[in-house]
Amino acid sequence: MSELPNWRDNLGRDGGHWDDGRWYDIHLERKMPQAIPMFEELAMALPPLPPGARVGDLACGTGNAAATVLDAYPQVELVLIDEDPDLLSIAQEKVGQFTRSVEPLRVSVPTDGAPLPGGPYDAVVASLALHAIVGHEVDRAEAESRYELLFQSILEPLRPGAHCLVGDHVGTLDLYAQLKAMERAGFAEVDCAWRQDDFFVAGGRKRP
Ligand SMILES: C[S@@+](CC[C@H](N)C(=O)[O-])C[C@H]1O[C@@H](n2cnc3c(N)ncnc32)[C@H](O)[C@@H]1O
């Protein structure tokens with residue numbers, strides 16, 4: 001067995017063992033209480049999804065957004081997208097208890113505007129994901145351009161009229177700037193469904 005991480009890594013203000021999927025799941029509510037209503041609000045912000053609708057969970061981690069969407073719409077087809085194989089297998093196990101329509105996709109989400117793999121999608125959800133891909137130590141202009149490229153990647157594999165819903169916090173870029181980046185990337189009907197402190201649910205739609 002490899003050496004355990006130091007327990008004191010969790011004692012600093014921003015500390016924690018966030019890369020460990022099990023640790024992440026048991027600490028998320030304690031460390032970020034707004035994340036739990038955020039998942040719920042994200043699922044509730046979706047338009048009604050018919051059986052067989054294909055939903056991508058972008059940078060799914062342990063699959064919390066996918067699990068919440070599946071709870072609301074048990075007959076959707078899920079695509080779990082993440083670059084971390086350990087997190088992906090936790091996500092697959094979590095949603096696999098409730099559906100067989102789940103496809104894990106171990107890829108790095110493109111950051112150059114290239115199309116997100118695994119489409120076509122009827123909806124893409126991204127929870128606590130975009131800021132993690134864009135990064136924390138980024139200046140405003142660079143963050144705006146990285147968000148725009150990410151939204152271009154997401155838009156391309158959406159079917160006409162399909163939706164992208166984002167649940168995140170504003171640690172990297174303020175909400176208004178994120179919405180503007182979504183519009184610049186070509187999304188229509190861009191709006192915010194919910195906000196609490198620095199957490200929000202927002203989204204947009206590909207033109208039908
Ligand atoms: C904070 S976690 C969020 C996980 C999950 N969506 C949730 O809401 O609990 C961020 C996730 O982004 C993934 N990630 C970061 N950059 C990525 C990239 N370029 N491509 C794919 N996954 C990425 C990490 O592996 C991690 O699972």
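Using a Förster radius of 22 Å, what is the FRET efficiency between Val138 and Asp14 based on their Cβ-Cβ separation? Nearest 0.05, please. The calculated FRET efficiency here is 0.85.
Computed over the chain, the per-residue total of -39500 (n - 2.57) for DSSP H runs of n ≥ 4 gives a 222 nm mean residue ellipticity of -10500 deg cm²/dmol, rounded to 500.
Using only alpha carbons, the stretch 24-205 has a radius of gyration to Kirkwood radius ratio (Rg to Rh) of 0.93. Modelled this way, with points 7 Å down the Cα-to-C-beta line, the labels at Ala114 and Ala188 are 2.9 nm from one another. By the gyration tensor of its Cα atoms, with a ≥ b ≥ c the square roots of the eigenvalues, what is the shape of the stretch 138-181: rounded for a/c under 1.5, prolate for a/b over b/c, or oblate? Prolate is the answer for the stretch 138-181, as a/c is 1.5 or above and a/b outweighs b/c. Going by neighbour counts of Cβ atoms within 10 Å, the residues Lys206, Lys31 line up, fewest first, as Lys31, Lys206. Modelled label positions at Trp7 and Glu103, each set 7 Å beyond Cα in the direction of Cβ, lie 4.5 nm from each other. Within the chain, DSSP assigns beta bridges of which about 40% are antiparallel (rounded to the nearest 5). Listed from fewest to most Cβ neighbours within 10 Å, the set Ser145, Ser153 follows the order Ser145, Ser153. Straight-line cross-link partners of Lys94 among the lysines, defined as a Cα under 23 Å from its Cα and at least 8 positions apart when in the same chain: Lys31. Among Ile26, Ile36, Ile154, Ile133, the ranking by other beta carbons within 10 Å of each residue's beta carbon, starting with the fewest, stands as Ile26, Ile36, Ile133, Ile154.
If you take all other residues with their beta carbon under 15 Å from the beta carbon of Leu28, and give Lys and Arg +1 and Asp and Glu -1, the sum is -3.
Within straight-line reach of Lys180, meaning a Cα separation under 21 Å, sit the following lysines at least 8 residues removed in sequence or on another chain: Lys206. In a shell of Cβ-Cβ distance under 14 Å around Thr99, excluding Thr99 itself, what net charge do Lys and Arg (+1) and Asp and Glu (-1) give? Net local charge, Thr99 excluded: -2. Distance from the C-alpha centroid of the stretch 58-96 to that of the stretch 122-175: 18 Å, rounded to the whole angstrom.
The numbers here are math on the coordinates, done by the rules we state, and not lab data. Everything quoted here is computed from the prediction, not taken from an experiment. Backbone-built Cβ (ideal geometry, glycine too); neighbour counts: all protein chains shown.
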